[in-house]
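Participant: For reference, the structure I am asking about is given below.
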Amino acid sequence: QVQLVESGGGLVQAGGSLRLSCAASERTFSNYAMAWFRQAPGKEREFVAAISWSGGSKYYADSVKGRFTISRDNAKKMVTLQMNSLKPEDTAVYYCAASLGRTSSRLYDYNYWGQGTQVTVSS
């Protein structure tokens, strides 16, 4: 059972930056593909970014390409999401997720989820 704990959310003005972190409990963290999803009020949860177990492959939603960067440190069992040039439409609860399968943008490929961290971008 993998436990994931997100941190780093908060309130920021449009154009600002935030860095989200996700700490994992699992000692075999390096076996997992990791991803970030987000869910805005009244909307479905959507894919943001994913990274392979080695960090060698990264994928982004079109809406965040060029602004967000996903990275991981397997020694520290941590994955981060650097978010720059934030927009009001980035406001959502951001979730960290882990998968033993392939690196994917599909929500149902991820087996383990954190509790989420709120990101609010003011205009």
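Participant: Give the stretch 3-33 a look and list any residue that's more than 12 Å from the chain's Cα centre (by Cα) and within 23 Å of Ser54 (Cβ to Cβ), or say none.
Facilitator: Gln3, Ala24, Ser25, Glu26, Arg27, Thr28, Phe29, Ser30, Asn31, Tyr32, listed by residue number.
Participant: Here are some residues: Ser52, Ser7. Which one is out of contact with any Asp or Glu (no Cβ under 6 Å at 6 or more places or on another chain) and under 15 Å from Ser105 (Cα atoms)?
Facilitator: Details: Ser7 fails: under 15 Å from Ser105 (Cα atoms).
On inspection, the qualifying residue turns out to be Ser52.
Participant: Can I ask one more? Taking only pairs six or more apart or across chains, which ones have beta-carbon atoms under 8 Å, a first residue in the stretch 43-67 that is touching a residue at least 12 places away in the same chain (Cβ under 8 Å) and on the phi > 0 side of the Ramachandran plot, and a second residue that is surrounded by 16 or more Cβ atoms within 10 Å (Cβ to Cβ) and in a loop (DSSP other than H, G, I, E, B)?
Facilitator: The qualifying pairs are Gly55/Asn74.
Participant: OK, next. Are there strands (runs of 3 or more DSSP E) fully within the stretch 1-107 with at least 3 residues that are surrounded by 13 or more Cβ atoms within 10 Å (Cβ to Cβ) and aliphatic (A, V, I, L, M)? List them.
Facilitator: 18-24, 33-39, 46-51, 78-83, 92-99
Participant: Moving on. Could you please find all residues in the stretch 108-118 being in contact with a strand residue (DSSP E or B) (Cβ under 9 Å, 6 or more places away or on another chain), within 23 Å of Gln1 (Cα to Cα) and either outside any loop (DSSP other than H, G, I, E, B) or of a type in the set (Gly, Ala, Ser) (or both)?
Facilitator: Result: Asp109, Tyr112, Trp113, Gly114, Gly116, Thr117.
Participant: If you don't mind, another one. Can you tell me which residues in the stretch 108-123 are more than 14 Å from Met34 (Cα to Cα) and open to solvent by less than 70 Å² (accessible area, probe 1.4 Å)?
Facilitator: Here is the first cut: in the stretch 108-123, the ones more than 14 Å from Met34 (Cα to Cα) are 115-123.
Correct list: Gly116, Thr117, Val119, Thr120, Val121, Ser122.
Participant: For Asp73, are the conditions met, namely being out of contact with any Leu (no Cβ under 7 Å at 6 or more places or on another chain), of a type in the set (Asp, Glu) and either modelled with pLDDT under 95 or within 20 Å of Gln3 (Cα to Cα) (or both)?
Facilitator: Against the criterion (out of contact with any Leu (no Cβ under 7 Å at 6 or more places or on another chain), of a type in the set (Asp, Glu) and either modelled with pLDDT under 95 or within 20 Å of Gln3 (Cα to Cα) (or both)), Asp73 qualifies.
The values are calculated or read from the model by the stated rules, or taken from the named source; none is laboratory data. Model, not experiment: these values are computed from the prediction. Neighbour counts run over all protein chains shown; Cβ positions are idealised from the backbone, glycine included. Protein only, heavy atoms only, side chains kept; ligands, DNA and RNA dropped before computing areas. Shrake-Rupley method; radii C 1.70, N 1.55, O 1.52, S 1.80 Å.
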